[in-house]
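Working notes, structure below.
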Amino acid sequence: MKIYGVPLSVHTRKVIVAARLKGIPFELETVIPVIPGNPPSNWREISPTGLIPAIEDQGFRLADSTAIVAYLERKHPTPALLPADDREYGAALSLDAWAGSELFRGVIHPLFHNQIVAPKIRNVQGNQVMIDAAKNKAAPEAFAYLESLDPEGYLVGGKLTIADIAVVSNLILFNYLGYRIEPRFPKLNAYFRRHLEEPALSGALGDEKPFVDQMGLDRSFLQ
Ligand SMILES: N[C@@H](CCC(=O)N[C@@H](CS)C(=O)NCC(=O)O)C(=O)O
């Protein structure tokens with residue numbers, strides 16, 4: 001299977017971690033949509049939205065991290081990342097969608113865009129108002145919600161699911177960008193630290209080191 005994307009992307013990491021957990025061999029083809037001219041010329045045929053990740057599996061192309069994880073789940077059912085219980089299944093997908101909007105769109109995307117993409121790739125100044133809103137309002141609101149879920153080991157059904165992978169993947173980029181989960185969210189912080197020890201995740205984080213270093217991101221939270 002080929003995964004198109006870049007390892008430090010929140011949504012590409014979801015697919016990489018799912019593949020690692022399920023023992024699915026893959027090769028990564030680096031596609032960085034925020035770099036003009038980087039994606040291959042047929043990119044929209046592979047990813048209709050232009051976003052990463054997408055996969056190609058024996059001639060079958062699929063885009064969107066959640067769709068890809070659901071597809072991999074059908075082909076390689078163990079370990080299950082989508083719970084068997086009806087309600088837990090719904091809850092895991094709901095949290096995955098919440099992470100995509102409230103964590104990624106609300107917090108990570110504005111921070112990444114204005115701290116990295118604008119100044120380092122597009123050579124324009126980032127928007128400090130957007131950075132402050134993401135950091136001071138959207139992030140604490142999202143973290144307070146997660147803290148209210150009492151995140152012990154896992155968010156849904158006492159087992160690792162797509163919900164944990166999505167949430168933790170966003171928290172990793174938050175840390176790479178130089179931020180830390182504040183002490184007022186102790187359960188969330190402990191949850192995050194525990195997941196960093198998970199071998200599939202720590203293996204993926206090891207593989208992304210060259211990209212992280214190249215972008216000048218902050219890996220100190222991993223020491
Ligand atoms: N719902 C999509 C979201 C994908 C997404 O937002 N990907 C980001 C990187 S994590 C992207 O491609 N950004 C490039 C851009 O905004 O041009 C999924 O789950 O795959």
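Overview of results
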quantity	calculated
Meets criteria (among the basic types (K, R), more than 14 Å from the ligand (Cβ to nearest atom) and in contact with a strand residue (DSSP E or B) (Cβ under 9 Å, 6 or more places away or on another chain)) for K22	no
Where L62 falls short, out of the listed (1) within 11 Å of the ligand (Cβ to nearest atom); (2) part of a helix (DSSP H, G or I); (3) not aromatic (F, W, Y)	(2)
Residue satisfying all of: in the stretch 42-59; in contact with a helix residue (DSSP H, G or I) (Cβ under 7 Å, 6 or more places away or on another chain) and of a type in the set (A, V, I, L, M); nearest to the ligand (Cβ to nearest atom) among these	I52
Number of the exception - P7 against (1) within 14 Å of the ligand (Cβ to nearest atom); (2) over 24 Å from M130 (Cα atoms); (3) outside the structural domain of T161 (by TED's automatic domain parsing); (4) at pLDDT 95 or above	(4)
Number of the condition not met by L173 [criteria: (1) surrounded by 15 or more Cβ atoms within 10 Å (Cβ to Cβ); (2) among the aliphatic types (A, V, I, L, M); (3) more than 16 Å from the chain's Cα centre (by Cα); (4) in a helix (DSSP H, G or I)]	(3)
Every residue from the stretch 28-46 that is out of contact with any Gly (no Cβ under 9 Å at 6 or more places or on another chain) and part of a loop (DSSP other than H, G, I, E, B)	V34, I35, P36, G37, N38, P40, S41, N42
Failed condition for V124, given (1) within 15 Å of the ligand (Cβ to nearest atom); (2) free of Cβ contacts under 8 Å to residues at least 12 places away in the same chain; (3) in contact with a helix residue (DSSP H, G or I) (Cβ under 6 Å, 6 or more places away or on another chain)	(1)
Hey, A84 open to solvent by 20 Å² or more (accessible area, probe 1.4 Å), part of a helix (DSSP H, G or I) and either over 20 Å from E182 (Cβ atoms) or at pLDDT below 95 (or both) or not	no
Failed condition for D150, given (1) surrounded by 16 or more Cβ atoms within 10 Å (Cβ to Cβ); (2) touching a Lys or Arg at 6+ places or on another chain (Cβ under 7 Å)	(1)
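The values are calculated or read from the model by the stated rules, or taken from the named source; none is laboratory data. Computed from a predicted structure; not experimentally measured. Here Cβ is always computed from backbone atoms with ideal geometry, including for glycine, and neighbour counts include all displayed protein chains. Note: areas computed on protein heavy atoms with side chains; ligands, DNA, RNA excluded. Shrake-Rupley method; radii C 1.70, N 1.55, O 1.52, S 1.80 Å.
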